[in-house]
1. Among the residues of the stretch 154-172, what is the count of those that are in contact with a helix residue (DSSP H, G or I) (Cβ under 9 Å, 6 or more places away or on another chain) and over 26 Å from Met22 (Cβ atoms)?
2. So which of Val55, Val41 is outside any helix (DSSP H, G or I), β-branched (Val, Ile, Thr) and more than 12 Å from the chain's Cα centre (by Cα)?
3. Kindly check whether there is at least one residue in the stretch 78-85 that is within 16 Å of the ligand (Cβ to nearest atom), in contact with a strand residue (DSSP E or B) (Cβ under 7 Å, 6 or more places away or on another chain), among the charged types (D, E, K, R) and at pLDDT 95 or above.
4. Among the candidates Met105, Met62, which residue alone is at pLDDT 95 or above, among the hydrophobic types (A, V, I, L, M, F, W, C) and closer than 18 Å to Ser121 by Cβ?
5. If I filter the stretch 107-128 down to residues being within 18 Å of Ile75 (Cα to Cα) and crowded, with 20+ Cβ neighbours inside 10 Å, which single residue comes out as nearest to the ligand (Cβ to nearest atom)?
6. What's the number of the condition Gly184 fails, among (1) out of contact with any strand residue (DSSP E or B) (no Cβ under 7 Å at 6 or more places or on another chain); (2) assigned to a loop (DSSP other than H, G, I, E, B); (3) touching a residue at least 12 places away in the same chain (Cβ under 8 Å); (4) over 30 Å from Glu32 (Cα atoms)?
7. For the stretch 91-103, name all the residues that are touching a helix residue (DSSP H, G or I) at 6+ places or on another chain (Cβ under 8 Å), away from the ligand (no atom under 13 Å from the Cβ) and either in contact (Cβ under 8 Å) with a residue 12 or more places away in the chain or at positive phi (or both).
Amino acid sequence: MAGEPVNVNEFQEFARQALPKMYYDYYTGGAEDQHTLKENVESFRRIIIRPRILVDVSKIDMSTTILGHKTSAPIMISPTAMHKLAHHEGEVATARGAAACDVIMGLSYMSTCTVEEVASSCNAVRFFQIYVYKRRDITALMVHRAEKNGFGAIILTADTPRLGRREADIKNKMIAPQLKNFEGWMLMLGLASTIAMPEYMLSLLK
Ligand SMILES: Cc1cc2nc3c(=O)[nH]c(=O)nc-3n(C[C@H](O)[C@H](O)[C@H](O)COP(=O)(O)O)c2cc1C
């Protein structure tokens, strides 16, 4: 593709060209027949923003607050796993981008940078995403760690009682890289440091 990407579709095409197939499939794929993924895209297409006409637009302010934290627009970065699959700086780079745009950074528990690395990288307002693990002691430790590192809220993911059957990941034999927040804990959990995705998730989730 020639030139700078100008929209999300063009960024996606760049990613397809740049990333190993296994990682590209992970980022872009959904579960089973990907019906929900398609429906998500269609839902966004159905949203129409109606402009107000003949009003003063010399000063536009989209800022608001989310859980009491200021944001420049009602948009935040939703927690997504393993950014280092796409870029060597991983979630630290994403957090800096959030800080530059003055929006909130949602950090996945499955990040490839630690909560400490993200916290010290910039002054982005940050929320930390977690599941309630079978190991409640590990859940509590992670919450305390996020709190200690200035994360302003916990995003509790509640829609994963079972893992979606992601067929591309099965075919590609997708391997999770080392999840930095769990460094040192993997042995304690009886897990290898890099293991197949579903096995890893199932071992932790409740
Ligand atoms: C590649 C990818 C990884 C994700 N990883 C996580 C995760 O680690 N934890 C989580 O709670 N949600 C995760 N999500 C879900 C997103 O946070 C978000 O809820 C979902 O993508 C729907 O928002 P969207 O329609 O803006 O994509 C992930 C989504 C994608 C596409």
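1. Total satisfying the criteria: 1.
2. Being outside any helix (DSSP H, G or I), β-branched (Val, Ile, Thr) and more than 12 Å from the chain's Cα centre (by Cα) holds for just one of Val55, Val41, which is Val55.
3. No, the stretch 78-85 contains no residue that is within 16 Å of the ligand (Cβ to nearest atom), in contact with a strand residue (DSSP E or B) (Cβ under 7 Å, 6 or more places away or on another chain), among the charged types (D, E, K, R) and at pLDDT 95 or above.
4. Step by step, each of Met105, Met62 is checked, and only Met105 is at pLDDT 95 or above, among the hydrophobic types (A, V, I, L, M, F, W, C) and closer than 18 Å to Ser121 by Cβ.
5. Residue satisfying both the conditions and the ranking: Ser108.
6. (3)
7. Hits for the stretch 91-103 are Val92, Ala95, Arg96.
A quick yes/no check of all residues on (1) within 18 Å of Tyr27 (Cβ to Cβ); (2) at pLDDT below 85:
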site	(1), (2)
Val132	no, no
Ile155	no, no
Ile170	yes, no
Leu179	yes, yes
Met197	yes, yes
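The values are calculated or read from the model by the stated rules, or taken from the named source; none is laboratory data. This structure is a prediction, so every number in the text was calculated from the model and none was measured. Note that each Cβ is placed from the backbone with ideal geometry, even for glycine, and that neighbours are counted across all protein chains shown.
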